[in-house]
Every structure is written in structure tokens, then in C-alpha cells.
Amino acid sequence: MALKTTPFDAAEYFDDAESQAELLVNAFETGDATYIAHALGIIARARGMTAVARDAGVTREALYKALSEKGDPRLSTLLGVTKALGLQLYAKPTNPDSLRT
């Protein structure tokens, strides 16, 4: 008897702003560009890829490609997606003592 499986989509489990924010914070903390793009893709699918793509100023297909496992989104795409998701990116020093004035 063959084992029957169903596709898994993490977007189904990140259906509120708090869990989406936690996912994205975790992704950025790793510094892994692939994970960051993947996390943004999960959040975009959870909120509706068509609307996010429209608000980001890119086609739905381009957004899927940019946020795929092999995607490498341009900074302009990344900024457009975060804006469309109502998110703000900012940088903070990893070691405040190492800042030069």
C-alpha cells in the first residue's frame, strides 16, 4: 500500500502578524539571504501573493521567482515587498562597542 502524502505550505501556519514578524526576525538574525527570501515568500503567500506583488510593483510571477528557493531578489524588490507587507527594515550594530564615530 502506497503512502499518501499531502503538500506542506508553511504559509498556512503563519496567518497572523505576530508569527510572521517572528519568522522574519529569525530569518534576518541568521544573515542567510536564502532564508530571508524564503521567509518573505511564506509571508507573501500567507497574505496573498497577487496583492503583495501588485503593491510591491512587480508581477506575481516575478515575485514567486525572486522569493523562491533559488531566487535572489534585487534590493529594490526586497524593499518593495517589505513595504507592501507593511514592514520596515532597519539596521542595528551587532556590537555597539565597535562603532566608530
Study note, to complete from the structure: Label model pair ARG74, ALA21: point-to-point distance (7 angstrom along the Cα→beta-carbon line) in nm is 3.1 nm
Study note, to complete from the structure: Net charge (Lys, Arg +1; Asp, Glu -1) of residues whose beta-carbon lies under 14 Å from that of LEU24, LEU24 excluded, is -2
Review point. For the stretch 26-40, what does the Karplus curve 6.51 cos²θ - 1.76 cosθ + 1.60, with θ = phi - 60°, yield as ³J(HN,Hα) per residue in whole Hz, taken in order and with x for Gly and Pro?
Key: 4, 4, 5, 5, 6, x, 8, 4, 5, 5, 4, 4, 5, 4, 4
Revision key, fill the gap. When the charge dipole of the chain is computed with +1 at the Cβ of Lys and Arg and -1 at the Cβ of Asp and Glu, the Cα pointing farthest to the positive end, of TYR35, ASN95, ALA21, is that of TYR35
Study note, to complete from the structure: So for the stretch 12-86, using the alpha carbon gyration tensor with a ≥ b ≥ c as root eigenvalues (a/c under 1.5 gives rounded; past that, a/b versus b/c decides prolate or oblate), I'd call it oblate
**Study point:** Packing rank of 19-32, 45-58, where each peptide gets the mean count of other beta carbons within 10 Å, highest leading
**Key:** 45-58, 19-32
Exercise for review: Please give the calculated 222 nm ellipticity per residue for the chain, where each DSSP H segment of at least 4 residues contributes -39500 (n - 2.57) and the sum is spread over every residue; nearest 500 deg cm²/dmol?
Suggested key: -16000 deg cm²/dmol
**Study point:** Total charge dipole magnitude, the chain, about the Cα centre, Cβ charges on Lys, Arg, Asp, Glu only, Debye to nearest 20
**Key:** 420 debye
Practice item. Can you pull the one-decimal nm distance between simple spin-label points at ALA10 and ARG54, each 7 Å off the Cα toward Cβ? Key: 2.7 nm
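Read-outs: derived from the displayed coordinates by stated rules, not from any lab. Only a predicted model underlies this, so the values are computations on that prediction, with no experimental measurement involved. Virtual Cβ from ideal backbone geometry, glycine too; neighbours counted across all protein chains shown.
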